[in-house]
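Worksheet: the structure to be examined is printed underneath.
Just so you know, all these numbers are worked out from the coordinates, no wet-lab data involved. None of these values were measured; they are calculated from a predicted model. Cβ atoms come from the backbone with ideal geometry, glycine included; neighbour counts cover every protein chain shown.
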Amino acid sequence: MNQIWLTKNEKRILKLLIENSRISDTDIAKELDITSQAVGRIRKELEEVGLIRGYTLELDQKMIGLNILVIIAIDIGSCDNKYAEILENKIKKYPEVFTFLKTISGKREFRYLAGFRNMEELEKFVDREREIKDANNDCLITEVVVLSPKEVLKNSMKDNYNQLIDSCGTKHLDVDIN
């Protein structure tokens, strides 16, 4: 995939939306000193090309009862590919799992981030995971790293997205001023 080229205003609008996806076109227009119609047009174009795929909500983890985060590693080195795929699809559906990663080099393993209200929930989950076995395919949990949500220093991709937007090529529009 080629890098996308964005206008200066497209970049500025994206950055404002990353910071607050509920910001109105009117507020963006005031911030950028352009019309709200121009903002609406730019936003619609960014949605139509698929760069903006949706608007999200960020919740306070502690307020909804998320007190423990864990990173779990499962060694799939001894699993055949079909069973590993079944396991992958199963894990991705767990409501406790936020992020699922499949390593592409070194040891074949899955790593995922999951969240729990308390240690009892975590222990039940890990016990259930340890029971995942197939006749000839043992996929073993090799690591469980327990974190407190307050220990997570960065829980958002906002900074990453802003850096990537800055690195996008800038296209210049030929403006016909009549």
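Descriptive notes on the structure:
- Whole-angstrom gap from segment 26-89 to segment 111-132, using each part's C-alpha centre: 24 Å
- Placing a label point 7 Å from the Cα of LEU51 along the Cα-to-Cβ direction, the residues of segment 8-23 whose backbone N falls under 13 Å from that point are 8-18.
- Once backbone amide H atoms are built at 1.01 Å from N, GLU109 has ILE76, THR103 as its partners under 5 Å, excluding neighbours fewer than 5 places away on the same chain.
- For segment 54-60, putting each phi into the Karplus relation 6.51 cos²θ - 1.76 cosθ + 1.60 with θ = phi - 60° gives couplings of x, 10, 10, 10, 10, 9, 6 Hz, in residue order, rounded to whole numbers and with x for Gly and Pro.
- Exposure proxy order (Cβ contacts within 10 Å, fewest to most) of SER167, SER24: SER167, SER24
- Nearest 10 degrees, 0 to 90: helix 8-19 Cα axis against the chain principal axis: 40 degrees
- Residue by residue, segment 162-170 carries 3J(HN,Hα) couplings of 4, 5, 5, 4, 4, 7, 5, x, 9 Hz when phi is fed to the Karplus relation 6.51 cos²θ - 1.76 cosθ + 1.60 (θ = phi - 60°); x denotes Gly or Pro.
- Expressed in units of 2.2 N^0.38 Å, where N is the residue count, the Cα radius of gyration of the chain is 1.39.
- Local electrostatic count, GLU123, Cβ distance below 11 Å [Lys/Arg +1, Asp/Glu -1]: -1
- Distant-in-sequence amide contacts of LEU140, defined by a placed amide H-H separation under 5 Å and a gap of 5 or more residues or a different chain, comprise ASP75.
- Helix-only arithmetic for the chain: the sum of -39500 (n - 2.57) across DSSP H runs with n ≥ 4, divided by the residue total, places the mean residue ellipticity at 222 nm at -11500 deg cm²/dmol.
- Cα centre as origin, Lys/Arg/Asp/Glu Cβ charges: the chain dipole, Debye: 120 debye
- Cα long-axis angle, helix 119-130 against the chain (0 to 90 degrees, to the nearest 10): 70 degrees
- Crossing angle, helix 81-93 versus the chain [Cα axis fit, 0-90 degrees, rounded to tens]: 60 degrees
- The fraction of Cα-Cα pairs per 10 angstrom bin, counted from 0 for segment 68-151, comes to 17, 54, 25, 4, 0 percent, rounded to whole percents.
- 3J(HN,Hα) along segment 101-112: 10, 10, 5, 10, 9, x, 5, 6, 7, 9, 10, 8 Hz, from the Karplus curve 6.51 cos²θ - 1.76 cosθ + 1.60 with θ = phi - 60°, whole Hz, x for Gly and Pro.
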